[in-house]
Amino acid sequence: YNNFSYSMIKSPDKNFLLFGDMENAAGFTDGLIIKVDTSGNKIWEKIFPGGGYRDTFNWIEQLPDSSFIASGCYNWASGGQGWILKLDTAFNVQWQRLRSYSPAGRTVYTCVKPAIDGGFVLTGTYDLLNGTAIVTKTDNLGFEQWTKYFYPEGYNLPSNTLIQEIIP
């Protein structure tokens with residue numbers, strides 16, 4: 001089976017958390033987090049089965065309360081939905097939310113950060129053929145408060161002012 005790591009962060013105990021996806025027996029992928037020590041030896045791995053073909057994590061961030069927030073894509077083959085999960089300190093799912101903004105394309109969250117008000121800000125894309133960027137703001141339980149769309153070819157891209165106002 002193939003494992004793919006898209007990025008990593010330092011864990012609270014000074015080891016590392018790699019995240020991405022892992023191919024399962026059916027040939028699909030599930031979200032994956034692997035903890036390795038400072039010598040690169042695997043300590044543990046946790047698999048997050050999603051909804052079908054190509055479920056993956058693109059980003060994970062530790063929160064001030066030591067829990068984690070993760071983002072990615074859920075069920076790529078059936079249109080794909082943006083995936084946001086809140087994980088406790090043992091990486092058990094506290095809640096998860098799915099978002100889809102385009103019936104013709106896939107929604108993929110590529111980054112998630114805590115917002116000043118305790119909610120979250122996600123960036124990503126939908127409608128991959130046309131490359132539309134999105135910024136989504138949620139409350140502290142992952143429920144959408146608003147989404148902004150940034151279209152290609154002459155349309156405005158996300159401004160640093162917008163991002164600075166909502167991310168500490």
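If the chain linking Tyr149 and Lys14 were pulled fully straight, counting 0.36 nm for each residue of separation and taking away their Cα-Cα distance, it would gain 44.9 nm. Inter-label distance, Ile47 to Asp88: 2.3 nm, where each label sits 7 Å from its Cα along the C-beta direction.
Can you give the extra length, in nm with one decimal, that the chain gains between Ser39 and Asn140 once fully stretched, where that is 0.36 nm per residue apart less the Cα-Cα distance? Provide the component values of the computation, followed by the final result.
On the way: separation 101, 0.36 × 101 = 36.36 nm, distance 3.55 nm.
Gain on extension, Ser39 to Asn140, equals 32.8 nm.
The numbers here are math on the coordinates, done by the rules we state, and not lab data. Note that the coordinates shown come from a computational prediction; the quantities given were computed from them, not determined experimentally. Note that each Cβ is placed from the backbone with ideal geometry, even for glycine, and that neighbours are counted across all protein chains shown.
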